[in-house]
Amino acid sequence: MRTIRGSELRTARTKARLTQEEVARRASVSVRTIRHIEHGQVKTPRRETLTRIAEVVGWRPADPPDEPASAPDTGPAAQEIRVLGPLAVLSADRPVPLPSKQRALLGLLAVQPDRTVSHEEIADVLWNGEAPPSYPQLVHTHVARLRRIVEPSAGAAAATVRRISTVRGGYVFNSTDVRLDLCRFEDRVALARRTVTHEPLVALDLYGQALHCWQGRLLHDLPQLWHHPSVVRVAQRHIDVAIESADLALRLDRPGFAVEHLRTASYEEPLHEPLQARIMLALAGSGRRAAALQLFAELRTRLKEELDVEPGDDIRRARETVLRGGGAPEQRVLSAIPAPRSPRSRMSGPPPRAGTAGPVHPAAAPAGRSPSIGAPAQLPLVPAPFTGRAGQLTALDHALLRRHGGHGSPGIAVVHGPADIGKSALVVRWAHHRLAEFPDGQLYASLQGSMDPEQRTVTPCTVVTGFIRSLGVRDDWIPDTPHEVTALFRSLLAGRRFLVVLDDVETASEVRCLLPGTPGNAVVATSRSPLADLETREGAHSLGLGALTAEEAHELIVTHLGAERTAAEPGAAEELAAVCGRLPLPLRRAVTELAATPSGSLAGLAADLARTAPPRPDGPHPAP
């Protein structure tokens, strides 16, 4: 088997619709090995390694991919200059050191190859706008020193090749017979555009080869050049091509292909909304929906803090597509791809000629629809009839509905008290009467905090996963790590109005990982302890719950037994309430039993309970 070249492996892998990770796993090699082979960084890979890789991707020596006719010389004698990242000059694959002035000069010339760069432009860069009067001679001196480094120095080539030519008014960097990564980038992009209409997968691979030329920010180590018009033009070219490539990858249902190149391009323009929209779609299409929604939240925060604006239509369409998550993969993304912008390149002159392919912007298609699912309504039944607690219900109103006053965080309340005090009944009763305040849904879960730890079957992670499923997210979209699951949950609730009820919580940390991150939502938890840490850090409102008042206990008895039967035994109702400690659950259980026995008496039931009930040295739990 002859040696497989990096471009061949990329093309074969692309046609096989495999990622680098999938090839590495199936061939039992590292992802780094695949990446290095594709980048041409492995000179003599092991034969058995190549054999396994070739079998995985279906590569055949008789069917190599075509190379572009304009591909630069890649022989060992050719000098290599890199500007798409830190500036580097390599001779025989070894770095060539450059003094600082010569580095800035070479960067300025090489970023605009085969074009005249004036003396004044060079002087402005070398002396930061404060060139000395003798700058023409100094520029000539620096160019002469640079020529001795980057020009051929032996044989016929020395007489025929002038790497830096002197022209009227300035100098020209001659890109002929040199491996310049910027030229390779442009060659691959041009070939991809010519190929895209009849061989889109090959074009996608060519786009990948072009974007792999970028190893970081353009001229990363020369910040004095970052704002030069030519550097800005090439950097924008990078973004334009990354978007073209991403649109093609999304159209071909290859979202994973786009993520790496989009991320690299976004380092230069972190607030470029069309670019960030593609990143969101590519992440979601690769199964990283939580990361896509987290990106939206972070971008929205940055836009607000740095520019005081909200995300535009590109970002919002992408978020809506990620949230829907249903339908065919191609349909999910095409409707969210922003409308095409001008395809004209800032480097390549006029638009493409008739018959050649320009940037790929798939036409919009109907968005995929997720299965119809209503807003979650998970609240349990209210214990009927419910009596008393008017003061506590009003306190919950103040604590949980105060978000309308402009608070920047969700409303949080903790209802705490001993067992059988009626915490759950109070919260559920309040929630059912405030449904209109939370039109997007009500989520409920019991965390079994009062159970023996060995018998508990619920964890915060299982709760939040269940919440996500109830919001219409398929299992294959749910992340694997608790951190990403929580991030997805918060992203799903962002900008919406949900009520989250967490019953029987043991610790503040259990509530903390289930908190939404944006105002408009509310969380109410019940616990036997006050969860003081939640109040300290998250500003939760603490509501202690004690026994029913004497009036409330009497009302509960009357509600179950009727006013006539209760009045027939004056004083017995108060005695029964006292025996039950005026605790709602024991008292409700007692009067329910009595209501089912028409011949029974309040006094008799109170006496029976007094004999069998354990002593209550402290009497009824005081009402707060």
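The values are calculated or read from the model by the stated rules, or taken from the named source; none is laboratory data. All of these numbers come straight from a predicted model, not from anything done at the bench. Every residue, glycine among them, receives a Cβ derived from its backbone with ideal geometry; neighbour counts consider all protein chains shown. The protein model used for the area step is the full one, side chains on, heavy atoms only, and it has no ligands, DNA or RNA in it. Shrake-Rupley method; radii C 1.70, N 1.55, O 1.52, S 1.80 Å.
I'm a student and want to see the number: the projected area of the Cα convex hull of segment 523-597, averaged over all directions, in nm².
6.2 nm²
Can you spot the aspartates and glutamates whose alpha carbon is less than 13 Å from residue 101's alpha carbon? Ignore those fewer than 8 places along the same chain.
124, 221
Going through segment 99-149, which GluC sites (Glu not before Pro) have at most 16 other Cβ atoms within 10 Å and a DSSP loop state? If you can, show how the numbers build up before the last one.
On the way: sites: 120, 121, 130; in loops: 130.
Here the GluC sites (Glu not before Pro) that fit, given the DSSP loop and packing criteria, are 130.
Computing the accessible area with a 1.4 Å probe over protein heavy atoms, can you report the carbon and sulfur percentage for segment 186-260?
55 percent
With a cut-off of 8 Å between alpha carbons and a minimum separation of six or more residues, what is the relative contact order of segment 391-475 in percent?
Details: 32 pairs, mean separation 13.2, N = 85.
RCO, segment 391-475: 16 percent.
How much space per residue, in cubic angstrom, does the convex hull of the C-alpha atoms of segment 408-502 take up?
Dividing the Cα hull volume of segment 408-502 by its residues yields 122 Å³.
Please work out the average accessible area per residue across segment 174-279, using the 1.4 Å probe convention, and give it in Å².
On the way: 3460 Å² over 106 residues.
Dividing the accessible area of segment 174-279 by its residue count gives 33 Å².
HN-Hα J couplings of segment 294-305 from phi, Karplus 6.51/-1.76/1.60, θ = phi - 60°, integer Hz, Gly and Pro as x?
Computed from phi, the couplings for segment 294-305 are 5, 4, 4, 4, 5, 5, 4, 5, 5, 4, 5, 6 Hz.
Give me the accessible area of residue 15, 1.4 Å probe, in Å² rounded to the nearest 10.
Number for this one is 110 Å².
Per residue, how much accessible surface does segment 503-574 expose to a 1.4 Å probe? Answer in Å², no decimals.
42 Å²
Below 17 Å, Cα to Cα, which aspartates and glutamates can residue 15 reach? Residues fewer than 8 away in the same chain don't count.
Within the straight-line cut-off, residue 15 pairs with 38, 55, 63, 66, 67, 199, 205, 253.
For segment 500-624, what does the relative contact order come out to in percent, with C-alpha contacts under 8 Å and a separation of six or more?
This gives 24 percent for segment 500-624.
Using a 1.4 Å probe on the protein heavy atoms only, what accessible surface does residue 592 show? Give it in Å² to the nearest 10.
Taking all protein chains as shown, residue 592 has close to 70 Å².
Take segment 440-557, drop everything but the C-alpha atoms, weight them equally and run the Debye formula without solvent; then report log10 I(q)/I(0) at 0.11 Å⁻¹ to two decimals.
-0.42
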